[in-house]
Amino acid sequence: GLGGVLRFRRQGTTVTPLHPAQASALVTGGIFRVSRNPMYLGLLCWTMALACYLGGLLVWLGPLLLWGWLSRWQIVPEERALQERFGDAYADYCRRVRRWC
């Protein structure tokens, strides 16, 4: 996740996920060659590690809900905004790189 933040900073674009239309650059290098959402993937991995640490089946509901929420309510709207902003370049990137990993 930190690699994603650093790459965004290096390219001078916004890190905040609340306003994807404000992105000033399409970031495709570094960790973004492997995953379109490394920061979300890092957060999901952290919650899965916490679930392992806490043990039990019920704690796995947290990572599952996070994955569902991120996929539906964060990533899909971001992808729409980035498609509008960067057009064919973003579509090509989506064909080459998986959403999660």
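When the residues of the range 30-39 are filtered to those that are assigned to a loop (DSSP other than H, G, I, E, B) and surrounded by 16 or more Cβ atoms within 10 Å (Cβ to Cβ), the one that is farthest from the chain's Cα centre (by Cα) is SER35. When VAL59 is tested against (1) surrounded by 13 or more Cβ atoms within 10 Å (Cβ to Cβ); (2) touching a residue at least 12 places away in the same chain (Cβ under 8 Å), only condition (2) is not met.
Would you mind stating whether GLN74 is polar (S, T, N, Q), modelled with pLDDT of 95 or more and open to solvent by 70 Å² or more (accessible area, probe 1.4 Å)? Taking the combined requirement at face value, the residue does not satisfy it. Out of TYR53, TYR90, one residue alone is assigned to a helix (DSSP H, G or I) and within 22 Å of THR16 (Cβ to Cβ). It is TYR90.
A single entry from ARG85, ARG99 fulfils the requirement of being more than 18 Å from VAL15 (Cβ to Cβ) and surrounded by 13 or more Cβ atoms within 10 Å (Cβ to Cβ): ARG99.
Being hydrophobic (A, V, I, L, M, F, W, C) and touching a Lys or Arg at 6+ places or on another chain (Cβ under 7 Å) is the filter here; which residues of the range 26-66 pass it?
Once the filter is applied, which keeps residues that are hydrophobic (A, V, I, L, M, F, W, C) and touching a Lys or Arg at 6+ places or on another chain (Cβ under 7 Å), the range 26-66 yields VAL27, ILE31, PHE32.
Candidates LEU57, LEU26, LEU2, LEU18: the one that is of a type outside the set (S, T, N, Q) and modelled with pLDDT of 95 or more is LEU26.
Residues that are surrounded by 14 or more Cβ atoms within 10 Å (Cβ to Cβ) and assigned to a loop (DSSP other than H, G, I, E, B) within the range 14-24 comprise THR14, PRO17, ALA23, listed in sequence order. Does ALA81 meet the test of being more than 12 Å from the chain's Cα centre (by Cα) and in a helix (DSSP H, G or I)? Yes; evaluated as a whole, the condition is true for this residue. The listed residues are VAL5, VAL27, VAL76, and the only one of them that is free of Cβ contacts under 8 Å to residues at least 12 places away in the same chain, β-branched (Val, Ile, Thr) and either in contact with a Gly (Cβ under 9 Å, 6 or more places away or on another chain) or in a helix (DSSP H, G or I) (or both) turns out to be VAL76.
Could you please let me know if GLY42 is free of Cβ contacts under 8 Å to residues at least 40 places away in the same chain, in contact with a helix residue (DSSP H, G or I) (Cβ under 8 Å, 6 or more places away or on another chain) and either open to solvent by less than 40 Å² (accessible area, probe 1.4 Å) or of a type in the set (Ser, Thr, Tyr) (or both)?
No, not satisfied.
The values are calculated or read from the model by the stated rules, or taken from the named source; none is laboratory data. Everything quoted here is computed from the prediction, not taken from an experiment. Positions of Cβ are generated from backbone atoms using ideal geometry, with glycine treated the same way; all protein chains shown enter the neighbour counts. For accessibility, only protein heavy atoms count, side chains too; no ligands or nucleic acids. Shrake-Rupley method; radii C 1.70, N 1.55, O 1.52, S 1.80 Å.
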